[in-house]
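Each reported figure results from applying straightforward, stated rules to the coordinates on display, with no laboratory input. Just so we're clear, the structure is a prediction, and the values are computed from it rather than from any experiment. Positions of Cβ are generated from backbone atoms using ideal geometry, with glycine treated the same way; all protein chains shown enter the neighbour counts.
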Amino acid sequence: MGDTLAIFGGDPVRDTLLPYGRQSIDDQDIESVVAALQSDYITTGPEIDAFEKGLADYVGASYAVAFSNGTAALHAACFAAGITNGDEVITTPLTFVASANCVLYTGGKPVFADVNPKTYNIEPSSIESLITPRTKAIIPVDFTGQPADYDQIKAIADKYRLVIIEDAAHALGAGYKGKKVGSYSDMTMFSFHPVKHITTGEGGVITTNNRKYYEKLMMFRTHGITRDPAKLLEKRHPWEYEMQFLGFNYRMTDLQAALGSSQLKKLDSFVAKRKAYVKAYNQSFRKMENILTPTQLPGTDSSYHLYVIRLSGPLKGLRKEVFEALRAENIGVNVHYMPVHTQPYYKNRGYTKGMCPVAEKVYEQIISLPLFPGMTDEDAADVVKAVKKVMAYYEADAGGEG
Ligand SMILES: *Cc1c(COP(=O)(O)O)cnc(C)c1O
């Protein structure tokens, strides 16, 4: 029978694995990296300044500071926000581990607020209930590219004097109430990992409008060193620099920045392609009762790093079976994310299952489908075909053969 699932020995929907995400690199990108390689500076040179300026202008922020990766950028933001031993920082469990690990790096304690059951973004009422005198900051994550509820998060932050560090690794090019993500939080982080909207291989950035944060970030990424004569604490020889606090070597290279500037020119077209595939997915899945498509709140303009479906209703198998069946059809599905507080490292430090029941339930039911600008209409059609094929089997009455 033509419809036998590949996992049971049938023909897969496609012959090669379609990944859930991947970079789009063209000849222009390659030429800009080669030009940077042939220039005078391959690190700490003019390509870094140009990339930072390009990013700051794109999002509408006063400053941008590039880092070796997004995790380093988050670490720097926590340092600039003054997070130190014993400070608490509230974040979401439905994220990549880096959103919480950056707090641990500074000696602080991540506290996990539960998520909204529709958007899967951090739930503002859950944040407020977790605030203590030691709470210093909030790290909301714009999950899948949809900005969190910043009107409410900002009101809470103002009331309790908390710093907002927006983890916008998923949300470059997104908007919130008419403003570009990167322009309104105290600090905003973007990542340039290959699956993200634009890539530098590895890379990250913090955007901010605050000059004090900017200066700390700049020094943090280079060992806590300054060469600015106006900032030296002890006036000594003109050739000396001063290390004023313990920073790191978190610099990006000019090769990466050159790639980033070239990629940035294509960001809007990349986001437009993601949106077109999202529209096609939404239309294809609209009538499928057991699949919940992503909910978008009014005022948010997602840039769709991910397309996450949620399984509902009685199925003949669990998410695990559906996931494995889709993989067998050569659809590179993924799951974003196992809640951070349920990771072994966190469990061993006293975080327990049950702390964030909504996130834990959502996690059991979600699957990320392939979505990236370089995929073709045929690729997207394969995804839809595979989802329909697999769901037809798992939706059939228990006992019936698919
Ligand atoms: C990718 C990602 C990061 C970390 O970025 P890297 O550049 O890989 O270090 C942080 N948070 C979220 C939500 C991410 O998706």
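What translational diffusion coefficient, in µm²/s and rounded to a whole number, does the Stokes-Einstein relation yield for the stretch 27-264 at 10 °C and a viscosity of 1.306 mPa s, taking the hydrodynamic radius as the Kirkwood radius over Cα pairs? D = 87 µm²/s. Along its three principal directions, the equivalent ellipsoid of the chain from the Cα gyration tensor extends over semi-axes of 39, 26, 17 Å, largest first.
In this structure, Asp151 and Tyr345 have a Cβ-Cβ separation that, at R0 = 30 Å, corresponds to a calculated FRET efficiency of about 0.35.
When the pairs Lys179/Lys273; Lys154/Lys216; Lys154/Lys353; Lys279/Lys385; Lys136/Lys265 are compared against a 25 Å limit on Cα-Cα distance, Lys154/Lys353; Lys136/Lys265 fall above it.
In terms of its alpha-carbon gyration tensor, the stretch 1-128 comes out oblate; a/c meets the 1.5 threshold, while b/c is at least as large as a/b.
Helical content alone sets the calculated 222 nm signal of the chain at -11000 deg cm²/dmol, taking -39,500 (n - 2.57) per DSSP H segment of four or more residues and averaging over every residue. Here the 3J(HN,Hα) profile of the stretch 170-177, calculated from phi with Karplus coefficients 6.51, -1.76 and 1.60 at θ = phi - 60°, is 9, 10, 5, x, 7, x, 10, 6 Hz, Gly and Pro shown as x. Once the Cα-Cα distance is subtracted from the 0.36 nm per residue extended length, the Leu37 to Ala396 segment shows a gain of 123.4 nm. Name the shape class, rounded, prolate or oblate, that the alpha-carbon gyration tensor gives for the stretch 210-330, where a ≥ b ≥ c are the square roots of its eigenvalues, rounded holds for a/c under 1.5, and otherwise prolate holds if a/b is larger than b/c and oblate otherwise. Judged from the Cα gyration tensor, the stretch 210-330 comes out prolate (a/c at least 1.5, a/b above b/c). Could you tell me the distance between the Cα centroids of the stretch 162-230 and the stretch 79-145, to the nearest Å? When both Cα centres are located, 17 Å separates them.
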